[in-house]
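Asks: Can you keep this structure in mind? I'll have questions shortly.
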Amino acid sequence: MTNTTRQRSLMIAAALGFALPLGAQSPAVSGGNRPVSLVLKEKFARDQIAAVVRREPGVRGRDIIAVRRSELTPATLVYALEAIGQSRRLDGENPSSRITVTLMPASKGRTLSGTEMAEARATIAELAGRAPEDVPGVGRVARVTVPASRVPKH
């Protein structure tokens with residue numbers, strides 16, 4: 001990890017209060033907003049991981065939030081969307097290499113607004129009603145699409 005990569009990773013971690021970066025940050029290429037796929041996972045390699053945010057490179061890349069079922073809360077969903085928003089602000093809409101951020105369970109955090117809470121609860125309810133499907137690079141999981149408009153711009 002380069003010093004610049006480490007500094008960007010630490011900025012995202014500090015802004016969210018509980019994000020720990022695993023992957024490389026990168027210079028950005030131009031592009032527009034893209035939606036986010038939210039998927040449910042039963043477990044991750046480490047028990048202490050609540051969610052993994054992954055941003056794939058390029059214009060055809062995708063942004064994915066994988067949340068451990070037992071950690072799927074409005075706060076976790078909002079913080080994961082904020083991690084994507086922070087990364088988009090730092091690295092652009094379409095990064096040139098993969099970016100991965102892990103989120104640990106929040107011990108404390110800011111209070112969610114009524115709108116954030118309502119949108120997060122609606123998304124969680126929608127996800128709960130979905131049947132598993134094959135998602136390339138992720139596996140067989142329940143998935144919903146979160147519109148790009150819901151990703152904070154910061």
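Asks: Taking only the stretch 105-138 into account, find how many residues are surrounded by 13 or more Cβ atoms within 10 Å (Cβ to Cβ) and not hydrophobic (A, V, I, L, M, F, W, C).
Replies: The number of residues fulfilling the criteria is 9.
Asks: Cβ-Cβ below 6 Å, separation at least six or inter-chain, first residue in the stretch 41-68 and touching a residue at least 60 places away in the same chain (Cβ under 8 Å), second of a type in the set (Ser, Thr, Tyr): which pairs?
Replies: The qualifying pairs are 64/37.
Asks: Could you check the stretch 105-131 and list, in sequence order, the residues that are assigned to a loop (DSSP other than H, G, I, E, B) and modelled with pLDDT of 90 or more?
Replies: Scanning the stretch 105-131 gives 112, 113, 129, 130, 131.
The values are calculated or read from the model by the stated rules, or taken from the named source; none is laboratory data. The structure presented is a predicted model; accordingly, all values stated were derived computationally and were not measured. Every residue, glycine among them, receives a Cβ derived from its backbone with ideal geometry; neighbour counts consider all protein chains shown.
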